[in-house]
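The values are calculated or read from the model by the stated rules, or taken from the named source; none is laboratory data. All of these numbers come straight from a predicted model, not from anything done at the bench. Glycine gets a Cβ as well: all are built from the backbone with ideal geometry, and neighbour counts include every protein chain shown.
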Amino acid sequence: MMRKKVIIIGSGPAGLTAAIYTARANLSPIVFEGSQPGGQLTITTDVENYPGFPEGIMGPDLVDLFRKQAIRFGTDCEYKTVTKVDLSKRPFKVWVGGSIFTTEAVIISTGSTAKLLGLDSEMELMGHGVSACATCDGFFFKGKSVLVVGGGDSAMEESLFLTKFASEVQIIHRRDEFRASKIMQDRVFDNDKIQVVWNTNIKEIKGTIETGVTGVILQNTLTGEVTDLDCDGVFMAIGHNPNVSLFDEYLEKDKHGYLLTKNKSSKTNIPGVFVCGDVQDNHYKQAITAAGSGCMAAIDAERFIEAHPLA
Ligand code: NAP
């Protein structure tokens, strides 16, 4: 069993910022990066709103910089996934494959995962024309006709990105207005390759594993009218669910399933367990707010360890 002062679970901007701060506080953190090292930034293209990069920076490059900075101060970044935790008493236990680590404090930054519509056809055709990541799969749709589902910034970003490959992009949105930021909406409306289908849901996705996606069945949310639409791909961009299952029996959540923090801090209902990033943020969900909350978690953890030393 290996003993640590701080274990950080998850490696997006929140976890890696927590690593930079706890490393600089001489706490020698270990970061278990999880199944998507670097988190959602690694499946983003241009990040234009992270301060300090006036020309923008590619998401994966930004993550690499965070990681380098964390390692420079003594962080151990491990490309491994935590499979179980015991937060019932300190020192806490963290399982990583066959190894068990104990730790004085835990910082949770496990982020969130793309939501799906919940259709059987969607699961069946995932990877065969259905995708939740345009940056990962857009390349396969050169000259094809694709749909993007959603009305937030992700749907705008994915649609704009897909115009680089697809011949046409149609956004399917369940209401008659987008919730995306004005600047992203304007870019979509200005792009000749993008059309919007308002007040519409996807009822079913057509196709087989052999043919890939061949079309969808749509339903108008106002009239109930059902129509067919041919297409070659469907990209889901309808938001995310927080990755909390490891902590189900220990940590309190809000009504949307996000981990709860106390009094504008990163503290949870268990002293010594801190959370940051998208797993506790159903509102802002930005790389910069995740990084800020990672800093908070590191400072909270450092103060906690100092005030509650373990033998
Ligand atoms: P989001 O803002 O929660 O938007 C989700 C969209 O999907 C909404 O338009 C919603 O419709 C729709 N939706 C949800 N469930 C649905 C369902 N079952 N069927 C059909 N439609 C459904 O999520 P997001 O776009 O992923 O953005 C998340 C956060 O990341 C936001 O804060 C956003 O600003 C940020 N972000 C920023 C950038 C950027 O700045 N470049 C890029 C990407 C994301 P309703 O509107 O009807 O609820």
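Given 141, 178, which one is at pLDDT 95 or above and more than 11 Å from the ligand (Cβ to nearest atom)?
141
Residue-by-condition table, conditions (1) closer than 20 Å to residue 280 by Cβ; (2) more than 16 Å from the ligand (Cβ to nearest atom); (3) crowded, with 18+ Cβ neighbours inside 10 Å:
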position: 5; (1), (2), (3): no, yes, yes
position: 10; (1), (2), (3): yes, yes, yes
position: 15; (1), (2), (3): yes, yes, yes
position: 21; (1), (2), (3): yes, yes, yes
position: 25; (1), (2), (3): no, yes, yes
position: 44; (1), (2), (3): no, no, yes
position: 49; (1), (2), (3): no, no, no
position: 53; (1), (2), (3): no, no, no
position: 56; (1), (2), (3): no, no, no
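From the residues in the range 155-164 that are touching a strand residue (DSSP E or B) at 6+ places or on another chain (Cβ under 9 Å) and over 10 Å from residue 134 (Cα atoms), which one is farthest from the ligand (Cβ to nearest atom)?
If we take residues in the range 155-164 being touching a strand residue (DSSP E or B) at 6+ places or on another chain (Cβ under 9 Å) and over 10 Å from residue 134 (Cα atoms), then 163 is farthest from the ligand (Cβ to nearest atom).
Sort out which residues of the range 209-230 are touching a His at 6+ places or on another chain (Cβ under 9 Å) and either free of Cβ contacts under 8 Å to residues at least 40 places away in the same chain or not assigned by TED's automatic domain parsing to the domain that holds residue 121 (or both), and write them in order of number.
Listed by number, the residues that qualify are 210, 211.
Would you pick out the residues in the range 110-129 that are within 16 Å of the ligand (Cβ to nearest atom) and crowded, with 24+ Cβ neighbours inside 10 Å?
Passing the criteria: only 111.
With respect to residue 36, determine if the residue is surrounded by 22 or more Cβ atoms within 10 Å (Cβ to Cβ) and either of a type in the set (D, E, K, R) or over 17 Å from residue 71 (Cβ atoms) (or both).
no
Restricting to the range 79-95, give me the number of residues that are in contact with a Phe, Trp or Tyr (Cβ under 6 Å, 6 or more places away or on another chain) and surrounded by 16 or more Cβ atoms within 10 Å (Cβ to Cβ).
The qualifying residues number 4.
Rundown of residues vs (1) on the phi < 0 side of the Ramachandran plot; (2) of a type in the set (S, T, N, Q); (3) modelled with pLDDT under 95, yes/no style:
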residue	(1), (2), (3)
40	yes, yes, yes
46	yes, no, yes
53	yes, no, no
73	yes, no, no
95	yes, no, no
100	yes, no, no
104	yes, no, no
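Is it the case, given these coordinates, that residue 195 is of a type in the set (S, T, N, Q), over 21 Å from residue 219 (Cβ atoms) and more than 8 Å from the ligand (Cβ to nearest atom)?
Considered against the rule, which asks whether it is of a type in the set (S, T, N, Q), over 21 Å from residue 219 (Cβ atoms) and more than 8 Å from the ligand (Cβ to nearest atom), residue 195 comes out as no.
In the range 268-290, is there at least one residue being within 13 Å of the ligand (Cβ to nearest atom), within 25 Å of the chain's Cα centre (by Cα), of a type in the set (Lys, Arg) and at pLDDT below 95?
Yes.
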